[in-house]
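*Asks:* Encoded as structure tokens, here's the structure I'll be asking about.
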Amino acid sequence: MPVQATVRAGDHVAARFGSDAGFADLAMEFARGGVTARGQVLLFVPRRLRRLIGDRLAASASLRAAARDGHVRLVDPRDVQLAGGFDAVRLHTTYHDATQAALIAGYPGLWVAVDMSWARPSVVDAEALVAFEAASITLFTQATLTALCAFDTRVFTAEQVFRVCQAHPVADAAGFGHRATPDGCGLAFSGETDRSNALAWKALLAALTPDHYVVDISGMSFLSVRAMADLGTAARVHSRPLTVRATRAQATHLRLLHVDDLVTIDVLPPRTTPV
């Protein structure tokens, strides 16, 4: 999946690459987006690619200036992701703290691009990586963290890449965004969800707190049948009754799946403003 210039603040993107130049292309495009958004940009690059990425930064006047000013920085994954060995809880906290540090420094947010080869199957259990990526989704709710996780097809099998991409909201052809609802009662979604990002969708529904009782899907352009059924599954285990805010067409589909037996459906006009 190529990264487009339209990556928005708060996106958690999965991408594939099959060459060193392919990663450099992804990283430079992402860095330009982060600089344009005035965010702090961290590029997590293995040692063998530092010269390549450094040369690519130097070849762009804007990125060269951003790197000189500390706006864009190169970081070795061994100093962060693998410091002391892979620890999902520690790494989650590290990303949270780095985002807060960027905000304190005056940036509107943190943009992070990572060559995920640090998490190759011989180092990190494949399912542990999937679980970490899915659980990290709550870091993006406030749109202050934006991340590109780039998977080298020379390191990961096609099956492994597909599985971990499912834990990213933006993966393959599908992508959705989420934010807290304006009233603070739950989460509002935009975009689409299907098999390619199904684990990210489920992770967000599972992350609803006891204070959350609203799921607003009225801004979504597509939900697979499985994704709609997941709303009913989430309602069964949530600590309080859920209300789903949906368009008329979405409400019809939810009723066909008998999700209305488990949730209250509020019918709204389609929400056209992305979250």
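*Asks:* Quick check on the range 4-22. Is at least one of its residues assigned to a helix (DSSP H, G or I) and closer than 25 Å to Thr99 by Cβ?
*Replies:* No - not one qualifying residue is present in the range 4-22.
*Asks:* Does the range 140-156 contain at least one residue that is of a type in the set (S, T, N, Q) and in a helix (DSSP H, G or I)?
*Replies:* Step one: filter the range 140-156 for residues of a type in the set (S, T, N, Q), giving 141-142, 144, 146, 153.
This time we only want the ones that are in a helix (DSSP H, G or I), so: none.
The answer is no; no qualifying residue exists.
The rows are residues; the columns are (1) out of contact with any Ser or Thr (no Cβ under 8 Å at 6 or more places or on another chain); (2) free of Cβ contacts under 8 Å to residues at least 24 places away in the same chain; (3) of a type in the set (Gly, Ala, Ser); (4) more than 27 Å from Leu268 (Cα to Cα).
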site	(1), (2), (3), (4)
Ala113	yes, no, yes, yes
Gln142	yes, no, no, no
Gln160	yes, no, no, yes
Val164	yes, no, no, yes
Val170	yes, no, no, no
Gly184	yes, no, yes, no
Leu187	no, no, no, no
Asp194	no, no, no, no
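*Asks:* Still on this structure, please answer the following. Restricting the range 10-37 to residues that are surrounded by fewer than 22 Cβ atoms within 10 Å (Cβ to Cβ) and of a type in the set (Gly, Ala, Ser), which is nearest to His178 (Cα to Cα)?
*Replies:* Gly10
*Asks:* Is the range 168-184 home to any residue that is in a helix (DSSP H, G or I), of a type outside the set (Asp, Glu) and either surrounded by 18 or more Cβ atoms within 10 Å (Cβ to Cβ) or in contact with a strand residue (DSSP E or B) (Cβ under 8 Å, 6 or more places away or on another chain) (or both)?
*Replies:* Checked against the condition, which is being in a helix (DSSP H, G or I), of a type outside the set (Asp, Glu) and either surrounded by 18 or more Cβ atoms within 10 Å (Cβ to Cβ) or in contact with a strand residue (DSSP E or B) (Cβ under 8 Å, 6 or more places away or on another chain) (or both), the range 168-184 yields no hits at all.
*Asks:* Go through the range 143-160 residue by residue and tally those that are under 15 Å from the mean Cα position of the chain (by Cα) and either over 18 Å from Val41 (Cβ atoms) or buried (at least 19 other Cβ atoms within 10 Å of the Cβ) (or both).
*Replies:* Number satisfying all stated conditions: 8.
*Asks:* If you don't mind, there's one more thing I want to ask. Quick check, is Asp97 within 18 Å of the chain's Cα centre (by Cα) and free of Cβ contacts under 8 Å to residues at least 24 places away in the same chain? Spell out how you get there, then give the answer.
*Replies:* Working: within 18 Å of the chain's Cα centre (by Cα): yes; free of Cβ contacts under 8 Å to residues at least 24 places away in the same chain: yes.
Judged against the criteria, Asp97 is a match.
*Asks:* Looking at the range 119-139, which of its residues are more than 23 Å from Gly186 (Cα to Cα) and either out of contact with any Asp or Glu (no Cβ under 9 Å at 6 or more places or on another chain) or of a type in the set (Gly, Ala, Ser) (or both)?
*Replies:* Passing the criteria: Ala119, Pro121, Ser122, Val123, Val124, Asp125, Ala126, Glu127, Ala128, Leu129, Val130.
*Asks:* Moving to a separate point now. Quick one: count up the residues across the range 234-275 that are touching a strand residue (DSSP E or B) at 6+ places or on another chain (Cβ under 6 Å), more than 19 Å from Ala206 (Cα to Cα), open to solvent by 70 Å² or more (accessible area, probe 1.4 Å) and not in a loop (DSSP other than H, G, I, E, B).
*Replies:* 1
*Asks:* Which one of the conditions (1) under 23 Å from Ala21 (Cα atoms); (2) touching a helix residue (DSSP H, G or I) at 6+ places or on another chain (Cβ under 8 Å) does Asp55 fail to meet, given that it meets all the rest?
*Replies:* (2)
*Asks:* Select from the range 66-88 the residues that are part of a helix (DSSP H, G or I) and out of contact with any helix residue (DSSP H, G or I) (no Cβ under 9 Å at 6 or more places or on another chain) and write down the one among them that is most open to solvent (accessible area, probe 1.4 Å).
*Replies:* Among them, the one singled out is Arg68.
*Asks:* Can you confirm whether Tyr107 is touching a Lys or Arg at 6+ places or on another chain (Cβ under 8 Å) and not basic (Lys, Arg)? Steps first, answer last, please.
*Replies:* Working: touching a Lys or Arg at 6+ places or on another chain (Cβ under 8 Å): yes; not basic (Lys, Arg): yes.
Here the answer is yes, as Tyr107 does meet what is asked.
*Asks:* Here's a follow-up. Among (1) under 24 Å from Gly10 (Cβ atoms); (2) in a helix (DSSP H, G or I); (3) open to solvent by less than 10 Å² (accessible area, probe 1.4 Å), which single condition is Val41 missing?
*Replies:* Exception for Val41: condition (2).
*Asks:* Without any contact (Cβ under 8 Å) to a residue 60 or more places away in the chain, hydrophobic (A, V, I, L, M, F, W, C) and closer than 26 Å to Glu29 by Cβ: is that true of Ala119 in this structure?
*Replies:* yes
*Asks:* Being polar (S, T, N, Q), in a helix (DSSP H, G or I) and touching an Asp or Glu at 6+ places or on another chain (Cβ under 6 Å) is true for just one of Ser221, Ser196. Which residue is that?
*Replies:* Matching residue, one of Ser221, Ser196: Ser196.
The values are calculated or read from the model by the stated rules, or taken from the named source; none is laboratory data. Here the structure is a predicted model, which is why all the values come from computation and not from measurement. Using ideal geometry, Cβ is built from the backbone for each residue, glycine included, and neighbour counts are taken over all protein chains shown. Note: areas computed on protein heavy atoms with side chains; ligands, DNA, RNA excluded. Shrake-Rupley method; radii C 1.70, N 1.55, O 1.52, S 1.80 Å.
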